[in-house]
Amino acid sequence: MERGALRRSPHFFGFVMYPTSSSMRRLAAALVLSCGAAVPGLAQTVTERLPLCLSCHGESGQSQNPGVPSLGGQQAFYVTVQLLMFRERMRIADPMNDMAKGLSDDDLRAFAEAIAKLPPPPPADDPPDAARMERARALVDQNRCNFCHTPSLAGQDNVPGIAGQREDYLVKTLRGYKDNSRHGYDDSMAEVMATVTDAQIPDLAYYIARVK
Ligand code: HEC
Ligand code: HEC
């Protein structure tokens, strides 16, 4: 085929399209690369958004707000799983389902890592009622709370730290596991709370918020 015919043939456009489509492939590859390389940008997103989170959860991770849990020192893996559950609406709670909407898996992990680095909440500082503390400590042993949550109740991996958590939040969330309004990632807490009575929940929360 002579050149003129090639230029006029539809095949010519097919031919010139090749470089175009391969440059589009290069562009797509560059976009993928720039997303993959966007770790500093991602860290910045989380750094930019963390103050909003901490406006509710407490500036250094110690919540001063009723119903809002302290996050400081929380196990990173637990936090990642819970944020995922909020995003996927497996754990339903205002305002967290909206907060987690649209976050990428990398965002969830980055938030969790930043949160885990904040200092854990200190025990409530009012003088504890010794008899009530003793009664609740027996419940903690009996129900093996200190087995899964570790002896210091600092948690590990997917098991959250609970020591020093806000008492009101502890009551609310333990009731949630018991009446099945809070679904755990696994059944551990639903099973535990099946044998804990409603009347024991305030004592457990009292103890966990004050344990040293
Ligand atoms: C307007 C207040 C508010 C803001 C802002 C907020 N949260 Fe929350 N968050 C809450 C409340 C309330 C809960 C408890 C929900 C429940 O009752 O189970 C919660 C729960 C959580 C939990 C579960 C803690 C646990 O111990 O199970 C995590 C993790 C969390 N928030 C992370 C974040 C992150 C990350 C951000 C920012 C992207 C954020 N929150 C922004 C109010 C807030
Ligand atoms: C078999 C292991 C196991 C035992 C025993 C156990 N827990 Fe848990 N606990 C877990 C796991 C796992 C989670 C996270 C579940 C989820 O995804 O919501 C959890 C979550 C919690 C939470 C939620 C913390 C937060 O920040 O929202 C509280 C409070 C809690 N446990 C208290 C207790 C108490 C009190 C006991 C004893 C009466 C107890 N746990 C016994 C494994 C256990």
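What number comes out for the charge environment of Glu191, summing +1 per Lys or Arg and -1 per Asp or Glu over other residues with Cβ under 13 Å away? Here the count lands on 0.
With a sphere of radius 14 Å drawn around the Cβ of Cys148, what net charge do the other residues whose Cβ falls strictly inside it have (Lys, Arg +1; Asp, Glu -1)? Here the charged neighbours net out to -4.
According to the square roots a ≥ b ≥ c of the eigenvalues of the Cα gyration tensor, what is the shape class of region 56-121, taking rounded for a/c under 1.5, prolate for a/b larger than b/c otherwise, and oblate for the remainder? Judged from the Cα gyration tensor, region 56-121 comes out oblate (a/c at least 1.5, b/c at or above a/b). Phi angles of region 67-76 translate, via the Karplus equation with coefficients 6.51, -1.76, 1.60 and θ = phi - 60°, into HN-Hα couplings of x, 9, x, 5, 10, x, x, 5, 4, 4 Hz per residue; Gly and Pro are given as x.
A simple spin-label model places the labels of Gln64 and Glu191 4.1 nm from each other, with each point 7 Å out along Cα-to-Cβ.
Over region 130-210, what is the mean sequence separation of C-alpha contacts under 8 Å (at least six apart), divided by residue count, expressed as relative contact order in percent?
Details: 78 pairs, mean separation 30.6, N = 81.
Relative contact order of region 130-210: 38 percent.
A cut-off of 5 Å between modelled amide H atoms, ignoring neighbours fewer than 5 places along the same chain, links Ile92 with His183. Note on region 85-207: Cα-Cα pairs beyond 17 Å make up 64% of the total pair count. Summary of the geometry: region 155-212 and region 104-140, compared by the centres of their Cα atoms, lie 11 Å apart.
Read the figures in this text as sums done on the coordinates, not as results from a lab. Every value quoted in this text rests on a predicted model; they were computed, and no experiment measured them. Backbone-built Cβ (ideal geometry, glycine too); neighbour counts: all protein chains shown.
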